[in-house]
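The values are calculated or read from the model by the stated rules, or taken from the named source; none is laboratory data. Remember, predicted model here, so these are calculated numbers, not experimental data. Heads up, the Cβs are rebuilt from the backbone with ideal geometry, glycines too, and the neighbour counts pull from every protein chain shown.
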Amino acid sequence: GAGVSQSPSNKVTEKGKDVELRCDPISGHTALYWYRQSLGQGLEFLIYFQGNSAPDKSGLPSDRFSAERTGGSVSTLTIQRTQQEDSAVYLCASSLSFQSYEQYFGPGTRLTVT
Amino acid sequence: AQSVTQLDSHVSVSEGTPVLLRCNYSSSYSPSLFWYVQHPNKGLQLLLKYTSAATLVKGINGFEAEFKKSETSFHLTKPSAHMSDAAEYFCVVSEGTGRRALTFGSGTRLQVQP
């Protein structure tokens, strides 16, 4: 079946511009996670959605980062006023529910801020 | 708080020889532990998981890992390396409560020599 999909696969933007990254989780998965993979920081958790509950934003590095999940499915991660240190691969993962241990990862979006 | 330490950033083996990737964890609760693999330009793939059942866990592609609570270790092994095993491997911990966000180790790059 279809896995987690992310778009775009690559994004180059100028410093100071806003970007939106999209994640389509596996159908029926109620839990959705965003992670960031960068050279300096490794893989780090950003934000978590479970059903209609308030998201866990504890991993977001600054208030320039926000995310939403519409209709319990597709999620968008928005970075405002991008900085060069935002350059990284942004990974989305989904799981059947928050009680499920197994997370399925998308291919990621490579963001480059020039 | 939970954390994971991968003891080697880079491991090189010859094809057909055993593989050992070392991982130590720290967790306040009963942890769930995972190994993920990331091939170049590919998404993260779950190799195996430990969730408080059998301490010796078998995964895909001939990999296995043993959970040793007394040593707080979860080393990944394979009896015989194959060229296709060359990739980045991540040891990951998730605490047994809450949102199940994953905490990743810094990764071990496995090189397989012909």
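Some notes on this structure:
- Qualifying positions in region A:85-97 - touching a strand residue (DSSP E or B) at 6+ places or on another chain (Cβ under 7 Å) and away from chain B (no Cβ under 14 Å): A:ASP86, A:SER87
- Residues in region A:103-112 that are of a type in the set (Ser, Thr, Tyr) and more than 10 Å from chain B (Cβ to nearest Cβ): A:THR109, A:THR112.
- Residue count for region B:68-83, restricted to those that are surrounded by fewer than 18 Cβ atoms within 10 Å (Cβ to Cβ), of a type in the set (Gly, Ala, Ser) and modelled with pLDDT of 95 or more: 1.
- Yes/no for B:SER30 being more than 29 Å from A:ALA88 (Cβ to Cβ), within 14 Å of chain A (Cβ to nearest Cβ) and touching a residue at least 24 places away in the same chain (Cβ under 8 Å): yes
- Selection status of B:GLU64, of a type in the set (D, E, K, R), over 11 Å from the mean Cα position of the chain (by Cα), at pLDDT 95 or above and more than 23 Å from A:GLU44 (Cα to Cα): no
- Against the numbered list (1) within 11 Å of chain B (Cβ to nearest Cβ); (2) outside any loop (DSSP other than H, G, I, E, B), A:SER100 comes up short only at (2).
- Restricting A:SER27, A:SER100, A:SER94 to residues that are closer than 21 Å to B:LYS49 by Cα, in contact with a Gly (Cβ under 9 Å, 6 or more places away or on another chain), at pLDDT below 95 and polar (S, T, N, Q) narrows the list to A:SER94.
- Residue within region B:54-67 that is buried (at least 19 other Cβ atoms within 10 Å of the Cβ), of a type in the set (Phe, Trp, Tyr) and in a loop (DSSP other than H, G, I, E, B) present: yes
- Pair list, Cβ under 8 Å, 6 or more apart: region A:1-17 residue at negative phi, other residue outside any strand (DSSP E or B) and among the charged types (D, E, K, R): A:LYS17/A:ARG81
- Across region A:46-79, the qualifying residues are those that are away from chain B (no Cβ under 14 Å) and among the small types (Gly, Ala, Ser), and the one among them that is surrounded by the fewest Cβ atoms within 10 Å (Cβ to Cβ) is A:GLY71.
- Matching residues in region A:78-97 - criterion: being under 14 Å from the mean Cα position of the chain (by Cα) and part of a helix (DSSP H, G or I): A:ASP86
- Cβ pairs under 8 Å, 6+ apart, first in region B:35-54 and facing chain A (nearest Cβ under 8 Å), second surrounded by fewer than 19 Cβ atoms within 10 Å (Cβ to Cβ) and among the charged types (D, E, K, R): B:LEU46/A:GLU102; B:LYS49/A:GLU102
- Scanning region B:34-53 for residues that are farther than 22 Å from B:GLN2 by Cα and surrounded by fewer than 16 Cβ atoms within 10 Å (Cβ to Cβ) turns up B:HIS39, B:PRO40, B:ASN41, B:LYS42.
- Of the residues A:THR82, A:THR30, the single one that is out of contact with any Pro (no Cβ under 7 Å at 6 or more places or on another chain), within 14 Å of chain B (Cβ to nearest Cβ), surrounded by 18 or more Cβ atoms within 10 Å (Cβ to Cβ) and among the hydroxyl-bearing types (Ser, Thr, Tyr) is A:THR30.
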